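Some notes on the structure that comes next.
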Amino acid sequence: MEEKTASKTDAPKRFAAQDLRGWLDRVEALGELKRVNGAHWNLELGCITELNNRQRGPCLLFDDIVDYPSGFRIVTGTTGTPARLAATLRLPTNLSTAELVKALREKSRDWSARAGDFPPQYVDSGPVLENIKSGVNLLEFPAPKWNELDGGRFLGTGDAVVTRGLESDWINVGTYRLMVHDERTCSLKIAPGHHGREQMEQHFRAGKPFPVIASLGHAPLLFLYASVELPAGVCEYDYIGAVMGEPVKVIRGELTGLPMPAAAEIVLEGFCRPGNMKEDGPFGEFLGYYSGHEVPEPVFEVERIYHRNDPILLGSPPGRPPQDFSYSKTMLRSALLHDALEKAGMPVVACWADEVGGGRTLLTVSVRQQYQGQARQVGLMASQCHVGAWLGRFVIVVDEDIDPSNLADVMWAVSTRCDPARDIQILERTWGTKMDPVSVTFDQKVPYHSRAVIDACRTYEYRDVFPPVAEASPEFQRQIREKWKDLLGTGD
Ligand SMILES: Cc1cc2nc3c(=O)[nH]c(=O)nc-3n(C[C@H](O)[C@H](O)[C@H](O)COP(=O)(O)O)c2cc1C
C-alpha cells in the first residue's frame, strides 16, 4: 500500500478563499453555523438534516459521528438561507430573497460572459494532497444512510464529479450521486442527457475506461454550479472562477490527469469500465419520493483517495421539499432561466423555479406582452430551453403585475385569467426521466413525458377591456397606510 501523510501545517493559507473551511468561518461569523456531536451515520444524521432544513435552520457541522474518529466530519444545509447563499456567491449577506434574486440576475449575466476569462490554474501542491492513499477504503469516511428506504450509504450527494469527453477537451463538473458498494467501489449515476453521461458514453462506445475524479467536500460554490444547468461546453471551474474573480486552483490527478480542486477535502480517483454495472438505489429523490428505482448503474472503481487531515464531507440529501438544496436551486435556476429567455429576446420581467417542484417541475415567468402569441412563445421556450427542459411539468406565464415567486398570486392569475380549454397547451413526448414519480403510471419503456404551458396572462387583444382588478390603487393604498399605520403597519 502506497501512502503519504503530511502534517496539518502543510495546508497553505493561500487556499483559504477557495476552501470549505474558509467558508465555514464566514458562515459561523454570520451566526448561521451549529456544531452537532455524536449523531449516528445510520439515519440519525439524515433525519436531523431533514428536520433542520424543513425549518430553514442553520448550517450543521457534524463531528464525533458514531463509529468514526473525531475530525471526520459532515456538513449539511450549506446554502439554505439568503445570507448563506449570498456568502457563497460573494454577494452582500443582508439581502432578502427578492433582493438576492435581483442581484443574482444582474451578476449571472456578467459571470456567464466572463467565464472564459477564468480557466482553472494548475498548481503542484495544495491541502488535498495531505494524505494520498492507494489502499482504498471508502468506508473510512462516514457515508450516511440518509433515509429509511435508501438502498445503501450515499457517500456522494453534494459532490463534484470531474470528467472529460473523448471528442473534445471540455472538462465537465457535475453533481452525480455515489452509493457505496464496498470498500473500493461505488455506483456513479449520471442521468441520460446530462453532460457527464454523454462523455461517459463516448468512452464506452469506443470500448475505453472512463476516467473520473470525484470531489466529496469543497467550497459550496463548486457544488452550487456543478448541480445546475450551465450550457454545454462551459466548464464549471471557469464559471465559478468568474464568480470568485480568480481562477480555481486545481491539481492534476496522478492516474487520470483530470483536475481536482487543490483545496478539496476528499477526492476519489478511478475509472468506470464498459459493462461493469451494479444495482444502485433506491434513494429519496428531490421531488420527494423514492422514485428512482433500483437499476444497474456504472461502477466507479476507485484506485486512489486524496484527503485533507480531519476531512469534511459535503452532504446534501434530496427528499421532500423544502430540502437541503431546494432554496439554492430555486434561486440559481430562476436566474439562469431569466438569462436564457432574455438572450432569446423575450420581454421577461421575472422568473421563478418554485421550491415546491424541487426548482424544476413548476416554472413561472412574468412578461410584458408586446404582441399576440408572445405569452405562449415565452412559455414554450421556458419549457424547452436547457435549464427548463429536464423533468419539467408546468410552465405558467403571467402578466407583469403578478409576482412569480408568490404562489398565491400566481394561482390567482391562473384561476382568473386563464380559460383552460384555450389557454393550456399540452406538449407530448418531451424529455422525461424514470425518476419522475408519475413514470410508474406509464407503459412506455422510454420516459417521454408531457408538459403543460399555462397562459395565465390577460388575453392580448382584450387586455384593454379586461376587467380592472378590484383592489385599491397603489397610491390610495399608500395614503391609507400612512394615515392608519398604527392599525395596518407600513406593509414592508
Ligand atoms: C444533491 C444533488 C444530487 C444530484 N444527483 C444527481 C445524480 O445522481 N445524477 C444526475 O444525473 N444528476 C444529479 N443531480 C442533478 C445534476 O447535478 C444537474 O442536473 C446538473 O446540471 C448536471 O450537470 P451536467 O448538466 O453538467 O451533466 C443532482 C443534483 C443535486 C443538487
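Give the range 312-331 a look and list any residue that's over 17 Å from Y225 (Cα atoms) and either in contact with a strand residue (DSSP E or B) (Cβ under 9 Å, 6 or more places away or on another chain) or open to solvent by 20 Å² or more (accessible area, probe 1.4 Å) (or both), or say none.
Filtering the range 312-331 for residues over 17 Å from Y225 (Cα atoms) gives 312-313, 319-323.
I312, L313, R320, P321, P322 - these are the residues of the range 312-331 that are over 17 Å from Y225 (Cα atoms) and either in contact with a strand residue (DSSP E or B) (Cβ under 9 Å, 6 or more places away or on another chain) or open to solvent by 20 Å² or more (accessible area, probe 1.4 Å) (or both).
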Taking the range 368-387 as the search range and keeping residues that are hydrophobic (A, V, I, L, M, F, W, C) and in contact with a Leu (Cβ under 9 Å, 6 or more places away or on another chain), which one is surrounded by the most Cβ atoms within 10 Å (Cβ to Cβ)?
A382
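Could you say which residue among W390, W412 is closer than 20 Å to P468 by Cβ and open to solvent by 10 Å² or more (accessible area, probe 1.4 Å)?
Values: W390 fails: closer than 20 Å to P468 by Cβ.
Testing whether each residue is closer than 20 Å to P468 by Cβ and open to solvent by 10 Å² or more (accessible area, probe 1.4 Å) leaves just W412.
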When the residues of the range 286-311 are narrowed to those that are part of a strand (DSSP E or B) and more than 16 Å from the ligand (Cβ to nearest atom), which ends up surrounded by the fewest Cβ atoms within 10 Å (Cβ to Cβ)?
E303
Looking at the range 393-408, is at least one residue part of a helix (DSSP H, G or I), of a type in the set (V, I, T) and in contact (Cβ under 8 Å) with a residue 12 or more places away in the chain?
no
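If you check A340, A335, which single one turns out to be farther than 20 Å from W431 by Cα, at pLDDT below 95 and of a type in the set (G, A, S)? So that I can check it myself, show each step before the final result.
Values: A340 fails: farther than 20 Å from W431 by Cα.
From the options A340, A335, the qualifying one is A335.
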Being part of a helix (DSSP H, G or I) and within 30 Å of N53 (Cβ to Cβ) is the filter here, so list the residues in the range 334-381 that pass it.
S334, A335, L336, L337, H338, D339, A340, L341, E355, V356, G357
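I'd like to verify a number: residues in the range 177-193 that are closer than 18 Å to P274 by Cα and within 12 Å of the ligand (Cβ to nearest atom), how many?
Let us first name the residues in the range 177-193 that are closer than 18 Å to P274 by Cα, namely 178, 181, 184-192.
Then drop every residue that is not within 12 Å of the ligand (Cβ to nearest atom), which leaves 178, 186-192.
Total meeting the criteria: 8.
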Report every pair of residues separated by at least 6 positions or lying on different chains whose Cβ atoms are under 8 Å apart, first residue within the range 340-362 and within 17 Å of P437 (Cα to Cα), second surrounded by fewer than 17 Cβ atoms within 10 Å (Cβ to Cβ) and modelled with pLDDT of 95 or more.
V356/L407; L362/V356
Give just the number: which of (1) under 17 Å from S328 (Cβ atoms); (2) open to solvent by less than 40 Å² (accessible area, probe 1.4 Å); (3) of a type in the set (D, E) does E99 not satisfy?
(2)
How many residues does the range 169-178 contain that are hydrophobic (A, V, I, L, M, F, W, C) and part of a loop (DSSP other than H, G, I, E, B)?
1
State whether the residues of the range 35-42 include one that is within 25 Å of M260 (Cα to Cα) and outside any helix (DSSP H, G or I).
no
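Looking for something within 18 Å of the chain's Cα centre (by Cα) and either closer than 26 Å to H307 by Cα or surrounded by fewer than 19 Cβ atoms within 10 Å (Cβ to Cβ) (or both) - is there at least one such residue anywhere in the range 262-270? Working first, answer last.
If we filter the range 262-270 for residues that are within 18 Å of the chain's Cα centre (by Cα), which is where we start, we get none.
Looking through the range 262-270, none of the residues is within 18 Å of the chain's Cα centre (by Cα) and either closer than 26 Å to H307 by Cα or surrounded by fewer than 19 Cβ atoms within 10 Å (Cβ to Cβ) (or both).
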Of the residues in the range 68-92, those that are under 16 Å from P58 (Cα atoms) and of a type in the set (A, V, I, L, M, F, W, C) come to I74, V75, A83, L85, A86, A87
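Going by the conditions given, is A340 of a type outside the set (D, E, K, R) and touching a Leu at 6+ places or on another chain (Cβ under 6 Å)?
no
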Could you grab the pairs with beta carbons closer than 9 Å, sequence gap of 6+ or different chains, first residue in the range 318-334 and closer than 20 Å to Y176 by Cβ and aromatic (F, W, Y), second one within 11 Å of the ligand (Cβ to nearest atom) and in a helix (DSSP H, G or I)?
F325/F223; F325/L224
If the Cβ limit is 9 Å and pairs must be 6+ apart or interchain, which residue in the range 196-208 that is farther than 13 Å from F271 by Cα and open to solvent by 50 Å² or more (accessible area, probe 1.4 Å) pairs with which residue that is within 12 Å of the ligand (Cβ to nearest atom) and outside any loop (DSSP other than H, G, I, E, B)?
R197/G174; E198/N172
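The values are calculated or read from the model by the stated rules, or taken from the named source; none is laboratory data. Note that the structure is predicted; figures quoted are calculated from it, not measured. Ideal geometry is used to build each Cβ from the backbone, glycine not excepted, and the neighbour counts take in all protein chains shown. To get the accessible areas, we keep the full protein, side chains included, count just its heavy atoms, and leave off ligands, DNA and RNA. Shrake-Rupley method; radii C 1.70, N 1.55, O 1.52, S 1.80 Å.
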